[in-house]
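A short reminder: the numbers here are calculations on the coordinates, not readings from a lab. Just so we're clear, the structure is a prediction, and the values are computed from it rather than from any experiment. Glycine gets a Cβ as well: all are built from the backbone with ideal geometry, and neighbour counts include every protein chain shown.
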Amino acid sequence: MSEHNLNNTEMRQMARVADLGNLSRAATNEELEAALTDDVTEGLECPLEERRQRMESHITSNYRQLRSQLPGCNGKCTSFGCTDIVVLRCWRGSKDNIL
């Protein structure tokens, strides 16, 4: 990226466009370049994935009892695409039964 001779302000703007947030004005061009080119999510598993799997197993095993308590839920936590906040709310409400 440095071969394009971008200044600090331009690189911070690129970071904002790339949804990296508003990076510090004190960041060096090298730090900004690293933030723009590194893919830190590659190879990382979502920390909620284990909870999704456990919830799906519990819901599948107890679907007849739970279906009225989980309107709109098909019990496919890992494949349905529930957002993290939905997983956290569901987990909080039923973790004692799942554990």
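Dipole size of region 53-99 about its Cα centre, with +1 on Lys/Arg Cβ and -1 on Asp/Glu Cβ: approximately 100 debye, rounded to the nearest 20. Would you please classify the overall shape of region 49-98 from the alpha carbon gyration tensor, given that a ≥ b ≥ c denote the square roots of the eigenvalues, rounded means a/c under 1.5, and beyond that prolate means a/b larger than b/c while oblate covers the rest? Rounded is the answer for region 49-98, as its axis ratio a/c remains below 1.5.
With a simple spin-label model that places each label point 7 Å from the Cα along the Cα-to-Cβ direction, the separation between N29 and D96 comes to 6.0 nm.
Between R89 and L20, the FRET efficiency from the beta-carbon distance, with R0 = 35 Å, is close to 0.80. Taking label points 7 Å from Cα along the Cα-to-Cβ direction, N8 and Q69 give a separation of 5.5 nm. Roughly how far apart, in whole Å, are the Cα centres of region 62-92 and region 7-21? Going from one Cα centre to the other spans 37 Å.
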